[in-house]
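Derivation of every value follows stated rules applied to the coordinates shown; laboratory data play no part. It should be emphasised that the depicted structure is a prediction, and the values quoted were computed from it without experimental measurement. Cβ placement follows ideal geometry from the backbone for every residue including glycine, while neighbour counts extend to all protein chains displayed.
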Amino acid sequence: MDKFIIQGGKKLSGSVKVSGSKNSSLALMPASILASGKSVLKNTPELNDVFTMSKLLKHLGAEINFNNEILKIDSSRINEFTAPYEHVKKMRASVYVLGPLLARFGKAKVSLPGGCAWGPRPVNLHLEAMKKLGADIDLKDGYIVAEAKKLKGTKINFDVSSVGATGNAMMAASLAEGATLINNAAIEPEITQLAEFLVKMGALIDGIGTNTIAIQGVAELHSTEITTIPDRIETGTLLIAAAITNGNITLIETSSEHLEAVLLKLEDCGCKITREPKKISIDARNIELNPVSITTSIFPGFPTDMQAQWTALMSIVNGVSTVTDTIYFDRFKHVPELNRLGAQIVLDQNTAVVTGAKKLRGAKVMSTDLRASASLVLAGLVAEGTTEVLRVYHLDRGYQRIEEKLKSLGADIRRVESKEY
Ligand code: UD1
């Protein structure tokens, strides 16, 4: 198992390309099995969650070819309809195959994902949507067993805005008989891209990018190609890497529109942000950052996937700030680890109260999930001395070789094999 060794204190500078969006890829890949034929997904990030989804689609009978960030999926010979526990337990987004399998083949058996390291992650909204579309759903031996001769258009009102459930419902409704209306649909950019991909495949969708999505089902979809949007969370993570080190960097092949909430907060901190087409620059040189509180919310609010990284940034800023997560109340596993580096963070239910420490000091740290690991790397970039971040496999799930990007910006970070867990 690899670990990162970081010598803190280097100010980042330079420019780097942002990879394609992990969460977009995890929706586009299963969408491609709605049609028989070869889909081409350009700008697909080379990271472990994408490899896990590839393995799952292969298990279902798809042929996969992945080279230089171009992912080709041939779904002409899908002949298996079960997503087994061994795949789903690695990645909850595996539940995205439920809608496509059910819509195209009339049956799907998908292992229940269970919880996440930081708490429960239910799939009730996915199941309610499939039931509304006319599927029979049974929960048996840890599996969702779903069947429907033909899905039928319906009205779906989500009580909670859910990225995954909206995606699953859109995919299923695209091949259902008749019209479907989805109220309180998620409007995260990854869902908007999924809708655009479905339209390219021949789906009839209105209201893309809004909370109300209307879908007129069609008998068949055809395979197509698309370029995956930039990863807004990788973008935000790298911007914070620059801010935390008082650096000055430019991110290319990215989009400021998908990350305004974070950019505005960085400006509140005192960073200078320059937005250009497909480019974001941040200049945090020679400034003392201000403490800025955030509360996570659905898009276009501050993303929960940036909460841990923001906590790391606030831990070195002079003054007190609060970080509140309203999407995942328990997503604070990074707090005790950041405190081991000298941060002063106290948890009060779903709010972290952060009193900026003058200095963080390097130590061995580890974490239990992807974004928490990212926050530890960020803290390591500014901590005095050596920080070792164990269990780098969490980072590898969602970032494409993040250490190489940081190194190219001047960070002193190495990946080494380690026997420590
Ligand atoms: C997606 C993202 C994840 C991000 C999250 C919130 C992917 C692959 N993952 O996850 O990185 O952190 O959006 O932006 O795109 N909920 C229910 N029942 C359900 C489904 C969700 O109660 O059936 C709740 C969740 O517990 C959570 C909220 O709805 O409180 C939002 O979750 P959701 O948007 O569904 O997250 P994911 O799609 O799993």
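With the convex hull drawn over the C-alpha atoms of region 199-278, the volume per residue is 110 Å³.
Once you have the Cα-Cα distance between LYS419 and ARG275, take 0.36 nm times their residue separation minus that, and quote the gain in nm to one decimal.
47.5 nm
Rounded to the nearest 20, the Cβ-based charge dipole of the chain about its Cα centre (Lys and Arg +1, Asp and Glu -1) stands at 580 debye.
Under conditions of 10 °C and 1.306 mPa s, region 1-135 yields 96 µm² s⁻¹ as its translational diffusion coefficient, taking Rh as the Kirkwood radius over Cα pairs in the Stokes-Einstein equation. With K and R counted +1 and D and E -1, the other residues having a Cβ less than 14 Å from that of ILE252 yield a net charge of +1. A full extension of the chain between ASP136 and GLU80 corresponds to an added length of 18.3 nm, given 0.36 nm per residue minus the alpha carbon distance.
Rg over Rh for the chain works out to 0.98, using Cα positions for both radii and the Kirkwood form for Rh.
Report the relative contact order of the chain, percent, no decimals, based on alpha-carbon pairs under 8 angstrom and at least 6 residues apart. Reported as a whole number, the value is 21 percent. Out of every Cα-Cα pair that region 107-182 contains, those further apart than 13 angstrom amount to 65 percent.
The convex hull around the C-alpha trace of region 236-306, projected and averaged over every direction, spans 4.3 square nanometres. Only helices enter this figure: runs of n ≥ 4 DSSP H residues, each worth -39500 (n - 2.57), summed and divided by the residues of the chain, yield -9000 deg cm²/dmol at 222 nm to the nearest 500. Working note: Cα gyration tensor of region 224-344, eigenvalues times five, square-rooted, sorted largest first, giving semi-axes of 24, 19, 12 Å. Separation of region 34-83 and region 149-215, taken as the distance between their Cα centroids, equals 22 angstrom. Working note: Debye formula, equal point scatterers on the alpha-carbon atoms of region 131-260, no solvent; log10 I(q)/I(0) at q = 0.13 Å⁻¹ is -0.65.
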